[in-house]
1. Of all residues in the stretch 85-96, which are acidic (D, E) and either part of a loop (DSSP other than H, G, I, E, B) or more than 13 Å from the chain's Cα centre (by Cα) (or both)?
2. Restricting the search to the stretch 104-119, which residues are among the aliphatic types (A, V, I, L, M), surrounded by 11 or more Cβ atoms within 10 Å (Cβ to Cβ) and at pLDDT below 95?
3. When the stretch 85-103 is examined, which residues are found to be surrounded by fewer than 13 Cβ atoms within 10 Å (Cβ to Cβ) and among the charged types (D, E, K, R)?
4. Kindly indicate whether any position in the stretch 70-84 is more than 13 Å from the chain's Cα centre (by Cα), aromatic (F, W, Y) and crowded, with 19+ Cβ neighbours inside 10 Å.
5. On the basis of being modelled with pLDDT of 90 or more and in contact with a Lys or Arg (Cβ under 8 Å, 6 or more places away or on another chain), does I43 make the cut?
6. Would you point out the residue of the stretch 40-63, among those that are surrounded by 18 or more Cβ atoms within 10 Å (Cβ to Cβ) and in contact (Cβ under 8 Å) with a residue 24 or more places away in the chain, that is nearest to the chain's Cα centre (by Cα)?
7. Could you grab me the full set of residues in the stretch 15-38 that are part of a loop (DSSP other than H, G, I, E, B), at pLDDT 90 or above and among the polar types (S, T, N, Q)?
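The values are calculated or read from the model by the stated rules, or taken from the named source; none is laboratory data. What you see is a predicted model, and the numbers here were worked out from it, not measured in a lab. Heads up, the Cβs are rebuilt from the backbone with ideal geometry, glycines too, and the neighbour counts pull from every protein chain shown.
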Amino acid sequence: MNTEIREMVDHEGYIATDTLLDDLHITKREFANAIGLSHTAIIRKDRLHSVSTQQRLRQAMEILKRIEPWAGSISGAWSWYRTYPIAPLGDLTAEELVSRGRADDVRAYLSHIAEGGYA
């Protein structure tokens, strides 16, 4: 299933995760843990709308959407995000890097690969 980013943004401009989580068949708790947030950051509206939560959600969504064409599906992108060790980034997965606040490193790595660089 091809989830568009605009399908994940509510009428107020906030990232809403329900469509993505339905496509991935995972819980809010699993998703929150995978992107380095607490469960309450996703289930409580005031926390979901905070700048830091929205920033982390946008980072994770951007990474998943960049990987999706290479992985063949959003589920494939999720598998890559959770399990693929990125050698130039210390053999950590995107999940580990994003959880540690290093989403920019993952995005830079993906840009490098997209421009024809070596993994």
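1. D91
2. I113, A114
3. If the condition is that a residue be surrounded by fewer than 13 Cβ atoms within 10 Å (Cβ to Cβ) and among the charged types (D, E, K, R), then D91, R100 are the ones that fit.
4. no
5. Taking the combined requirement at face value, the residue satisfies it.
6. Top of the filtered list is A60.
7. Scanning the stretch 15-38 gives T27, S38.
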